[in-house]
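Here's the structure, in structure tokens; my notes come after.
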DNA sequence: TTGAAAGCGCTAACAA
DNA sequence: TTGTTAGCGCTTTCAA
């Protein structure tokens, strides 16, 4: 069985005090170069690794950040998580990833668990906890980056995806293709008024002088199966629709499959557009037209921002916006005039 | 700014020693029910949460396990990670997920980082570190569950997917459909002799009296783009192939897309079969025939096994096998006799 | 340039 | 049933 080698072991072996060893490994304080070299040598041969636990207990820094995600199963999140992780690792941090499974009850518990675990900061991408609960939490925990959620708190840094703009450009594009009956598959898990992708959809319709009809919006879980169900049901009730804007790519992919099963060709009979631009959308047949979000960059930015906040607790929070971009592929086509 | 409430604060407030508080929160040792109730009450109102850090330093238990994955971007891994996490959470553990990006150099470093972080155990699903390095590591760190890799060490518990059997049943099925020219898209990142999915492919061919031809095996990265490239290249050189068995679903999906782009219809002109049965494979057009692995269960089992090892350090390691199952969908069809 | 003492927040062992 | 004393492995004083 392994017996951890501690700083004392190294100190004894080097014939110095553990304080000196500490100085050597942390590059801190005055220390004779020769002594330092000798100690570093020993550290290597003995395979000594300082216990982060013990360090953390002193410094109150664990070099861990928490990453709270709503659904690690949606490829959007792993891509973003890599952005966080890679950046974190490059700064000698590690990330504790947890999944809320879109359950509000879990969210606060998980947050508190991460705090108990001693994380130095938190990145969250969820929208289930109520604002008041979040506030109660944020009041006692400072460095926190909230992604893709409108919320205000002096301790919470915002990182917002341009959802509304993205939704608008999706609808604009469909409109330019000649589509006039445009439906939307939305996310049932979010409080309706808060979905900026729906707001963008509505405002774009209005801008083009098209009526905004609630019966054109179908709400479901924002995943493959949800998209499948939503499309089946919506197209069953509103067969006149010639285009569908979907809350995310997973829903769009599910919708495309549903169309195939009910005999509607994509894009000949109906155009479908997603949001997120996950990798898989590229390889689908037809390849998915989508609103692209740079997920890796999103993760990178979130960590960078969090790190700044951790390193300087007095730095004020700010709101960062992340642009999006329409990527045209095969699932959209000009309106078929027949 | 928040000032952590410590056990001393609670003890003072309750007018007892911190030891008593410790007893109350940990349900350990004799304690008067009334005292306990009073303390617990205080714990609640004061919002006290024991520092896992401090606890860990004493007990040498962090209640964290490390989960080392090769590519969090492949949907296989998030699904499995959820199995690990959910189970871990249910046992009051949390999981530190890290991604090796299939880089051998990173793997050992990450492993050591997790150890420094104080994880109680390790679950790894990678195959890049050399056996000797792994051994050197395993010699000093005990509770470890290795998934899907053949390796022997008294400290390492194995959890093996029935790759060979799965590959065989894939080829058997293609054979039963009448296919005789069956190619394979394999994983270039693994040392060739070690790929049991290839071994199964070969042995099944041999069983049916078909020749095993190395030029029918194309090696590439085991992802969408790799599958796309591999299929394009293989079918370009060996146009007589009527079926493709792929290392995983991602490659299969890429291959299907490649077929579409070179004008080969799936499954009319060519049958394609994957491995893993990721969710997305269901919604693809055509839906993918695949060898199904219960990923969530795999994660659950891995954690359960690790926990047993953590709780009883003297428990001997064992090798667990995980079955697979052929799931027939739309990407395979009887050989087209023309 | 180095070392000794104290303490981070908690639990284990023993004593009362 | 409760409190006291140590100590986990490190860093932070402060003194030498």
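The values are calculated or read from the model by the stated rules, or taken from the named source; none is laboratory data. From a predicted model like this one, the values you see are computed outputs, not experimental measurements. All Cβ positions, glycine included, derive from the backbone under ideal geometry; neighbour counts span all protein chains shown.
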Identify all residues within region A:258-286 that are more than 26 Å from the chain's Cα centre (by Cα), assigned to a helix (DSSP H, G or I) and touching a residue at least 12 places away in the same chain (Cβ under 8 Å); write none if there are none. A:258, A:259, A:261
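Results for (1) touching a helix residue (DSSP H, G or I) at 6+ places or on another chain (Cβ under 6 Å); (2) modelled with pLDDT of 90 or more; (3) within 19 Å of residue B:248 (Cβ to Cβ), shown as yes or no for each residue.
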| site | (1), (2), (3) |
| --- | --- |
| B:49 | yes, no, no |
| B:55 | no, yes, no |
| B:61 | no, yes, no |
| B:64 | no, yes, no |
| B:69 | yes, yes, yes |
| B:80 | yes, yes, yes |
| B:90 | no, yes, no |
| B:93 | no, yes, no |
Of all residues in region B:1-19, count the ones that are within 25 Å of residue A:114 (Cβ to Cβ) and within 11 Å of DNA strand C (Cβ to nearest atom). 9
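Specify the residue that is farthest from residue A:62 (Cα to Cα); the eligible residues are those in region B:50-59 that are more than 6 Å from DNA strand C (Cβ to nearest atom) and without any contact (Cβ under 8 Å) to a residue 12 or more places away in the chain. Walk me through how you get there before you give the answer.
Just the residues of region B:50-59 that are more than 6 Å from DNA strand C (Cβ to nearest atom), to begin with: B:52-53, B:56.
Now narrow it down to the ones that are without any contact (Cβ under 8 Å) to a residue 12 or more places away in the chain: B:52-53.
On the way: B:52: 11, B:53: 9 Å.
Within region B:50-59, the match that is farthest from residue A:62 (Cα to Cα) is B:52.
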With the structure loaded, tell me whether residue B:159 is surrounded by fewer than 24 Cβ atoms within 10 Å (Cβ to Cβ) and closer than 20 Å to residue A:47 by Cβ or whether it fails that test. no
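Within region B:54-64, is even one residue buried (at least 20 other Cβ atoms within 10 Å of the Cβ) and either more than 11 Å from chain A (Cβ to nearest Cβ) or assigned to a helix (DSSP H, G or I) (or both)?
As a first pass, look at region B:54-64 and keep what is buried (at least 20 other Cβ atoms within 10 Å of the Cβ): B:56, B:62-64.
Pick out the ones that are also either more than 11 Å from chain A (Cβ to nearest Cβ) or assigned to a helix (DSSP H, G or I) (or both) and you get B:56.
Within region B:54-64, one or more residues are buried (at least 20 other Cβ atoms within 10 Å of the Cβ) and either more than 11 Å from chain A (Cβ to nearest Cβ) or assigned to a helix (DSSP H, G or I) (or both).
Here are some residues: A:81, A:88. Which one is more than 7 Å from chain B (Cβ to nearest Cβ), more than 16 Å from DNA strand D (Cβ to nearest atom) and buried (at least 23 other Cβ atoms within 10 Å of the Cβ)?
Working: A:81 fails: more than 7 Å from chain B (Cβ to nearest Cβ).
It is A:88.
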Conditions first: (1) more than 38 Å from the chain's Cα centre (by Cα); (2) surrounded by fewer than 12 Cβ atoms within 10 Å (Cβ to Cβ); (3) within 9 Å of DNA strand D (Cβ to nearest atom). Residue A:15 passes all but one, so which condition is the exception? (3)
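Would you be able to tell me the number of residues in region B:35-53 that are within 10 Å of another protein chain (Cβ to nearest Cβ) and farther than 30 Å from residue B:111 by Cβ?
Here is the first cut: in region B:35-53, the ones within 10 Å of another protein chain (Cβ to nearest Cβ) are B:47, B:49-53.
Pick out the ones that are also farther than 30 Å from residue B:111 by Cβ and you get B:47.
Within region B:35-53, residues that are within 10 Å of another protein chain (Cβ to nearest Cβ) and farther than 30 Å from residue B:111 by Cβ number 1.
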Restricting region B:108-124 to residues that are more than 16 Å from residue B:62 (Cβ to Cβ) and in contact with a strand residue (DSSP E or B) (Cβ under 7 Å, 6 or more places away or on another chain), which is modelled with the highest pLDDT? B:124
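Would you confirm, using the coordinates I've provided, whether residue B:102 is in the same structural domain as residue B:156 (by TED's automatic domain parsing), assigned to a helix (DSSP H, G or I) and in contact (Cβ under 8 Å) with a residue 24 or more places away in the chain?
Values: in the same structural domain as residue B:156 (by TED's automatic domain parsing): yes; assigned to a helix (DSSP H, G or I): no; in contact (Cβ under 8 Å) with a residue 24 or more places away in the chain: yes.
So residue B:102 fails the test.
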Of A:134, A:150, A:210, which residue is on the phi < 0 side of the Ramachandran plot and loosely packed, with under 15 Cβ neighbours inside 10 Å? A:150
Mind listing whichever residues of region A:170-188 are buried (at least 20 other Cβ atoms within 10 Å of the Cβ) and either in contact with a helix residue (DSSP H, G or I) (Cβ under 7 Å, 6 or more places away or on another chain) or within 26 Å of residue A:102 (Cβ to Cβ) (or both)? A:170, A:171, A:182, A:183, A:184, A:185, A:186, A:187
Against the conditions (1) within 13 Å of another protein chain (Cβ to nearest Cβ); (2) modelled with pLDDT under 90; (3) buried (at least 18 other Cβ atoms within 10 Å of the Cβ), where does residue B:127 fall short? Just the number, please. (1)
Does any residue of region B:35-49 turn out to be within 19 Å of residue A:57 (Cα to Cα) and within 16 Å of DNA strand C (Cβ to nearest atom)? yes
May I ask you to list the residues in region A:18-53 that are within 10 Å of DNA strand D (Cβ to nearest atom) and not in a helix (DSSP H, G or I)? A:28, A:29, A:30, A:48, A:49, A:50, A:51
Residue A:241 crowded, with 16+ Cβ neighbours inside 10 Å and part of a loop (DSSP other than H, G, I, E, B): yes
Show the residue pairs meeting these rules: Cβ distance below 8 Å; 6+ apart or different chains; first residue within region A:18-34 and within 14 Å of chain B (Cβ to nearest Cβ); second residue near DNA strand D (Cβ under 7 Å from one of its atoms) and outside any helix (DSSP H, G or I). A:25/A:50
Can you tell me which of (1) touching a strand residue (DSSP E or B) at 6+ places or on another chain (Cβ under 9 Å); (2) assigned to a loop (DSSP other than H, G, I, E, B) is the one residue B:68 doesn't meet? (2)
Looking only at region A:20-31, and only at residues there that are at pLDDT below 90 and within 11 Å of DNA strand C (Cβ to nearest atom), the one that is farthest from residue B:155 (Cα to Cα): A:30
